[in-house]
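Structure, as structure tokens:
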């Protein structure tokens, strides 16, 4: 195992730092159902960390534990080495964590621009009254935040739909808008819940490119859940494999690929 | 507005014109580009500084006089500056089509032996890196957008802004050299080298001198009374001669402002925001916009729709006459004025044509209905005929003498003659210097007296003196019975239907004609949606029986109109197929300027043509396709062959031998 505090450089020249988030012996139960059972792993600064597993393995629950939406019954989540108390979603956002959803959760009636602007909410300090009047400070603040948003729009190449209501967009673009909103928050840790689900090959390639570029350009730490093994293996630095709520593998894509438990979970074994 | 080209006399190079503009129009906008949602602006004075910094940086990097500097990317001010900076240091700019695949680039870069390449972004850089082993003279690449480029090996790679910074830092040391090189430029120096897309064979490098470019820009600007106050939107490929003349030649001559869109996809929004006063587009842009307007009007409320159609009918009646200054009754004028307030004005604003003074369409024939639609709204849309070798202009339509079926009168200082075979020849100040490293082609195209063969067949119309183009001379042939075969004539008639994007007619030397048809996905897709026709792919929609029936009705209508022409009644389409894929430049079936390469299409789809002639009802075929990134794949399809109604050529005369 690598030393937690030591950073290292990947083959493609990115610097991976120390551990930012650590899951320690997490167990999550819904009534009698054990969704996650005694799982431990960590996420290091600047890496792309994937969580994979068959349907019902507990991946989304795990992501919700990371994001603070679920509070596990046992175990603890350490963020920057400190134990994280139960928090409200906006408190999580303020800590520099942003996410996208498996089933797109955008404001359908609002334009792409307005949707992405909502990602800046935590940076807006002026009150309701001055926002309504839109004078002085409120105006300056919007301009400032709009600049960040425009950089994100440029980065994700969605200029042409800036003013289009989200409801009119095709699925692949909606996914990209969701990523834009998450990026607008300038997160340190970005959580992606099945970013490629339901996409065609070309859209998957585009999305992979964007994920790599985000990680590369902004140094954002990314944790993602994904079904498509090919994509995951190409993208990630390290992979956690789950099955029936348990961790069955953890390591680099190559290590995971050769792990017998993982092969069994994916290809199935005969029970005799 | 006053003419403001004074002081430009005797300016013999683009850098010299730039100096004039920087002095005379210092604070006027020269370039705008939308970035991060805001229009960024550079004045002529700022532009001169930017170009100087870049030119110094290029000298610093080792660019010598006579070197070729390739420029690849979408329309951006920085790349326009690169062209002028390259000329300023005595090098020759060579813009390339940005959508070309790597192998095509390899040919052009290898042919001119470019030592330096300036690219827009990572995508273009990757293509050059992919082929750099084939390029023996290639040394350095400069890129504009640093995104994704950080991890690349930077021994031969430089960021655009760093080159400028180095240029600024070395200002005192190198400015003398730059001035010396600039002062050597005259009318005979090479201004730019443009590769023709070529419907046959390998591209040829057309060398254009400063005389070609500046004289053509001057003549055409005076012809249309262009002023310093014009605004244009530059969105057509930088490697195309038209863009070079409009966005550089005329812009530098007049000192007007060049606006670059934010991205290719935002062009229509940017067009509306800029509201150009002078506009250039191939027919397909106008067709696309008209289709969009019509589709959107279908969705509008009953009142709006009624008003729209009522006033449009009125515009059709009198709009063109009002624009051409012909007498129109007072009541009609009043009604037109009302229509302008209620319909035409808002419509023009929506399209981005609110301020347009002069608009041109060229490259392909435009449908008369489309052409008249825009003119009836009061948009001064005209046609011109030209080619790269002529530095664009051969003929243009003067204001007030505009028609859909001619291409106008000879442009200023252009002489035209038509030889016995009907081929058009011209001689003008814009006549190109030579094809680079290709004396045979130069000699076979341009005779010692400077006459250039266009390869197009045409004739001057009696009375008006306007030129009419029949077809590419080499495409005009004879049917088996000796009657004339002019494919373009029929293809254009087919393409005037919004449902038909492209058509290719075959029949040279045969007893009857057959055709390939490409459907227009926007128009047909919209129609399918309206009629609850589900489809999963282009291929499926193209083969849908109802689509075939619609296309059949169009073809039969075209046959009817073709039958009325005594010379061409043999060109009626007997049988046709709707192709399973769009003809595409990536597959070599079209040029980058979207002209069909007839020979290649004929070879590639040989099996389909055979089936069209042997009476089969269906044909199975496998077609190789090239993806945008250069990978190849293949698509299989079974195509239904459709018989069209053919009118008996009542006056079908065999052309006299």
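Average partner chain C-beta neighbours within 10 Å, per residue of B:69-79? Walk me through the intermediate numbers first.
Working: counts 0, 0, 0, 0, 0, 0, 0, 0, 0, 0, 0.
Per-residue shielding by partner chains comes out at 0.
Among B:112, B:571, which comes first, second and so on when ranked by fewest other beta-carbon atoms within 10 Å? Walk me through the numbers on the way to the answer.
Values: B:112 21, B:571 27.
So the ranking, lowest neighbour count to highest, is B:112, B:571.
Using the alpha-carbon atoms, what tilt in degrees (0 to 90, nearest 10) does helix A:171-184 show relative to the longest principal axis of chain A?
80
By its C-alpha gyration tensor, with a ≥ b ≥ c as the square roots of the eigenvalues, how is the stretch A:78-220 shaped: rounded for a/c under 1.5, else prolate for a/b larger than b/c, else oblate? Working shown, then result.
Numbers: a/c = 1.78, a/b = 1.15, b/c = 1.55.
Oblate, since a/c reaches 1.5 and b/c is not below a/b.
Kindly identify the stretch B:8-280 as rounded, prolate or oblate by the Cα gyration tensor criterion: order the square roots of the eigenvalues as a ≥ b ≥ c, call it rounded if a/c is under 1.5, otherwise compare a/b with b/c, prolate if a/b is larger, else oblate.
Details: a/c = 1.31, a/b = 1.20, b/c = 1.08.
In terms of gyration-tensor shape, rounded.
Which FRET efficiency, nearest 0.05, do residue B:581 and residue B:305 yield, Cβ-Cβ r, R0 35 Å?
Working: r = 36 Å, r/R0 = 1.02.
Calculated transfer efficiency: 0.45.
Between residue B:418 and residue B:643, how many nm apart are label points set 7 Å from Cα along the C-beta direction?
Here the answer is 3.9 nm between the modelled labels.
Using 1/(1 + (r/R0)^6) with R0 = 56 angstrom and r between the beta carbons of residue B:468 and residue A:114, what's the FRET efficiency to the nearest 0.05?
Numbers: r = 53 Å, r/R0 = 0.95.
Computed FRET efficiency for residue B:468 and residue A:114 comes out at 0.55.
Using a 7 Å offset from the Cα along the Cα-to-Cβ direction at both residue B:447 and residue A:218, what is the distance between the two label points in nm, to one decimal?
6.7
Rounded, prolate or oblate, given the Cα gyration tensor of chain B, with a/c below 1.5 counting as rounded? Each step should come with its number before you reach the end.
Working: a/c = 1.58, a/b = 1.37, b/c = 1.16.
It comes out prolate by the Cα gyration axes.
Which whole-number percentage describes the relative contact order of the stretch B:232-364, with Cα contacts under 8 Å and a sequence gap of 6 or more? Before the final figure, lay out the partial values.
On the way: 110 pairs, mean separation 47.4, N = 133.
Dividing the mean separation by the residue count of the stretch B:232-364 yields 36 percent.
If you average the sequence gap of Cα pairs under 8 Å that are 6 or more apart and divide by the length of the stretch B:8-280, what percent do you get for the contact order? Could you put the intermediate results ahead of the total?
Details: 512 pairs, mean separation 60.8, N = 273.
Normalised by residue count, the contact order of the stretch B:8-280 is 22 percent.
Suppose each label sits 7 Å from its Cα in the direction of the beta carbon; what would the residue A:234-residue A:163 distance come out to in nanometres?
With each label point 7 Å from Cα toward Cβ, the separation is 3.6 nm.
Counting other beta carbons within 10 Å of each residue's own, what order do A:91, B:104 fall into, fewest first?
Values: A:91 13, B:104 23.
Going from sparsest to densest Cβ surroundings: A:91, B:104.
Residue B:616 to residue B:636: extension gain in nm, 0.36 nm per residue of separation minus the Cα-Cα distance? Each step should come with its number before you reach the end.
Values: separation 20, 0.36 × 20 = 7.20 nm, distance 1.79 nm.
So the chain would gain 5.4 nm between residue B:616 and residue B:636.
Sequence gap at least 6, Cα distance under 8 Å: using those rules, report the relative contact order of the stretch A:142-272 to the nearest whole percent.
Details: 102 pairs, mean separation 20.5, N = 131.
Reported relative contact order: 16 percent.
Between 0 and 90 degrees, rounded to the nearest ten: what's the tilt of helix B:122-131 against the longest Cα principal axis of chain B?
Orientation of helix B:122-131: about 90 degrees from the principal axis.
Give me the angle, in degrees from 0 to 90, between the Cα long axis of helix B:44-61 and the longest principal axis of the Cα atoms of chain B, rounded to the nearest 10.
Between the helix axis and the principal axis of chain B, the angle is about 70 degrees.
If I build a Gaussian network model for chain A, linking alpha-carbon pairs within less than 10 angstrom, which residue out of A:115, A:200, A:215 has the largest mean-square fluctuation?
The residue with the greatest mean-square fluctuation here is A:200.
Take the Cβ-Cβ distance between residue B:625 and residue B:595 as r, set R0 to 30 Å, and report the resulting FRET efficiency rounded to the nearest 0.05.
Details: r = 19 Å, r/R0 = 0.65.
With a Förster radius of 30 Å, E is 0.95.
What order do you get for B:141, B:331, B:294 when you list them from fewest to most C-beta neighbours inside 10 Å?
On the way: B:141 22, B:331 9, B:294 14.
Going from sparsest to densest Cβ surroundings: B:331, B:294, B:141.
Using only helices, what value at 222 nm comes out for the protein assembly as shown when you add -39,500 (n - 2.57) per DSSP H run of length 4 or more and divide by the total residues, to the nearest 500 deg cm²/dmol? Kindly include the intermediate steps, with their values, before the conclusion.
Numbers: 33 runs with 344 residues, N = 929.
Roughly -11000 deg cm²/dmol at 222 nm, from the helical runs in the protein assembly as shown.
Over all directions, the average projected area of the alpha-carbon convex hull for the protein assembly as shown comes to how many nm²?
Details: hull surface 188.0 nm².
Averaged projected hull area, Cα only: 47.0 nm².
Which whole number gives the average count of other chain Cβ atoms within 10 Å of the Cβ atoms across peptide A:215-224?
Values: counts 0, 4, 4, 0, 0, 0, 0, 0, 0, 0.
Mean partner shielding for this stretch: 1.
Tell me the Rg and the Dmax, in Å, that the Cα atoms of the stretch B:477-656 produce.
16.2, 52
Ranking request for peptides B:149-160, B:20-31: highest mean number of other beta-carbon atoms within 10 Å first, then the rest in descending order. Display every interim value, and only then the final one.
Values: B:149-160: 13.8, B:20-31: 18.5.
Order by mean packing, descending: B:20-31, B:149-160.
Coordinate-derived values only; no laboratory data. As the structure is a prediction and not an experimental result, all values here were calculated from the model. Neighbour counts are summed over all protein chains in view; Cβ atoms, including those assigned to glycine, are modelled from backbone coordinates with ideal geometry.
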